[in-house]
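A quick write-up on the structure given underneath.
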Amino acid sequence: MANYKAMRGTQDVLPSQSGKWQYMEQTALSVAQDFGYREQRTPVFEQTELFQRSVGETTDVVQKEMYTFLDKGGRSVTLRPEGTAGAARAVLEHGLLNGALPVKVSYVTSCYRYEKPQAGRLREFHQFGVECFGAAAPQADAEMITLAKTILDSLGITGVSLHLNSIGCPACRARYHEALRAYFTARQDELCETCRGRLERNPMRILDCKSPMCAEIAAGAPVMLDYLCDDCSAHFEEVKGCLTDAGLDFVVDSKIVRGLDYYTRTVFEFISDALGAQSTVCGGGRYDGLIEELGGAHVPSLGFAMGLERLLLVMEAKGAEFPEEPRCEVYFASMGPAAARACFVMATRLREGGIAVEFDTVGRSLKAQMKYADKIGARYTLVVGDNELNTGEAKLKDMETGDQQDVKLDDSLYTILYNKSLDRQLAGMTDLLGGDLTGLE
Ligand code: ATP
Ligand code: MG
């Protein structure tokens, strides 16, 4: 047994699982690309103040969950707890918002929150996210939600419902805060200590509290939708209208207030029926004030993030399909040093042509090499010994059917293997289309 273990709340992705991660990430990035998004990569740590400013001082994330430390130069540094702050900082810093708007960025990032680890809740977790800077129209909100839904659909995720709410703008929210404050003050003795502290500064955060008692009290609280100003109300109506016309089901859910302070107007979550407590796989919304808060101009913006660990749990629970793992095309089994060198050279040539090849580098017996070829799922094997080197010919064995074929150990081997892989692709496409492709020629 090894002496060291991954730290609590962190996970390794082993080679047998990484294909699933690549599939999720590539699917999300490529769907987002179809919507006009390009990937942006930002550092894993930022100055602490960036998150205090953007996520908000009164949020759980900033108050309890951040990994904050002093670096050797005495600066306060924080491992990013989410992706929006860094994304906004980067587009501001590099002047992207001075160019054509909207600026649309996507990302896959690790995030860090000091939370109580449980299924679907980790201390290091991963998000796929997108941010769209400079789009004020309600159609942008509807498009953002559609993008999230398209990604979930592309991954074969079923059983998720869209929960939608509007939390207004600073103007109408001020009136709402007063109503909330009055409501919660009447029952302040029953609130948890953190929420009592929130009562003055940010009563809306109480709605997001995970303590059962606070949640029970919050259930009877006034709802934001009753306090929306005319502009915010019209915006929300248009978002709902767009979604309805596009055939996207949703429920208006006044409990969705989101745990980060920068949100305004539209907020949404996709909630899975497969995950129990950690059921939100995607959360997002509009944050019209964030760029100004960070020192930029007024740039209405919006985004969302999906938790990839949760997405994977849902996909597995729902039996969603993952692409087949790539396989070794041909395994060269060798006998003796001269054959081993010849196998290395042949493997190198074939790999230059994009064929997946492996050969023995352990010094196993021929029998053990064949067993290994079987274990790694090689499609073909080719045994090379002194005899084969002398004649320049060998037998290519199909590991599924056991059929053997005489092949020359020269460039014609490449053509044979290449054609076999083409045949397989064609057969796969024919299966997929459920018919004969020959008519297409
Ligand atoms: P929750 O209410 O479950 O704590 P949140 O509101 O804190 O979620 P966001 O800040 O909106 O979450 O992050 C977006 C998404 O990232 C969540 O919907 C979830 O899928 C995922 N996520 C958040 N925190 C964690 C975590 N600790 N471990 C794994 N995934 C997480
Ligand atoms: Mg949280």
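Taking residue 164 and the conditions (1) more than 16 Å from ligand 1 (Cβ to nearest atom); (2) buried (at least 16 other Cβ atoms within 10 Å of the Cβ); (3) under 30 Å from residue 87 (Cα atoms), which numbered condition does it fall short on, given that it satisfies the others? Against the list (1) more than 16 Å from ligand 1 (Cβ to nearest atom); (2) buried (at least 16 other Cβ atoms within 10 Å of the Cβ); (3) under 30 Å from residue 87 (Cα atoms), residue 164 comes up short only on (1). Remark: residue 83 falls outside the filter, which requires a residue to be at pLDDT below 95, within 14 Å of the chain's Cα centre (by Cα) and within 16 Å of ligand 1 (Cβ to nearest atom).
Every residue, every condition in (1) assigned to a helix (DSSP H, G or I); (2) touching a strand residue (DSSP E or B) at 6+ places or on another chain (Cβ under 7 Å), yes or no:
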{"position": "394", "(1), (2)": "no, yes"}
{"position": "397", "(1), (2)": "no, yes"}
{"position": "410", "(1), (2)": "no, no"}
{"position": "414", "(1), (2)": "yes, no"}
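Considering only region 5-16, I want to know if a residue exists there that is surrounded by 18 or more Cβ atoms within 10 Å (Cβ to Cβ) and not β-branched (Val, Ile, Thr). Taking every residue of region 5-16 in turn, none turns out to be surrounded by 18 or more Cβ atoms within 10 Å (Cβ to Cβ) and not β-branched (Val, Ile, Thr). Residue selection: residue 93 fails the criterion of being within 14 Å of ligand 1 (Cβ to nearest atom) and not hydroxyl-bearing (Ser, Thr, Tyr). Only residues that are of a type in the set (A, V, I, L, M), within 16 Å of ligand 2 (Cβ to nearest atom) and in a loop (DSSP other than H, G, I, E, B) were counted in region 39-76, giving 1. The strands (runs of 3 or more DSSP E) falling completely within region 257-364 that include 2 or more residues that are in contact with a Phe, Trp or Tyr (Cβ under 6 Å, 6 or more places away or on another chain) and either surrounded by 17 or more Cβ atoms within 10 Å (Cβ to Cβ) or hydroxyl-bearing (Ser, Thr, Tyr) (or both) map to 280-286, 301-307, 330-334, 357-359. Scanning region 81-135 for residues that are closer than 20 Å to residue 289 by Cα, in a loop (DSSP other than H, G, I, E, B) and not hydrophobic (A, V, I, L, M, F, W, C) turns up 81, 82, 83, 94, 95, 99, 102, 134. When we screen 314, 345 for residues that are among the hydrophobic types (A, V, I, L, M, F, W, C), modelled with pLDDT of 95 or more, within 24 Å of the chain's Cα centre (by Cα) and farther than 21 Å from residue 96 by Cα, the only hit is 314.
The values are calculated or read from the model by the stated rules, or taken from the named source; none is laboratory data. Just so it is clear, the structure is predicted and the values come from calculations on it, not from any experiment. Please note: Cβ atoms are built from the backbone with ideal geometry, for glycine as well, and neighbour counts cover all protein chains shown.
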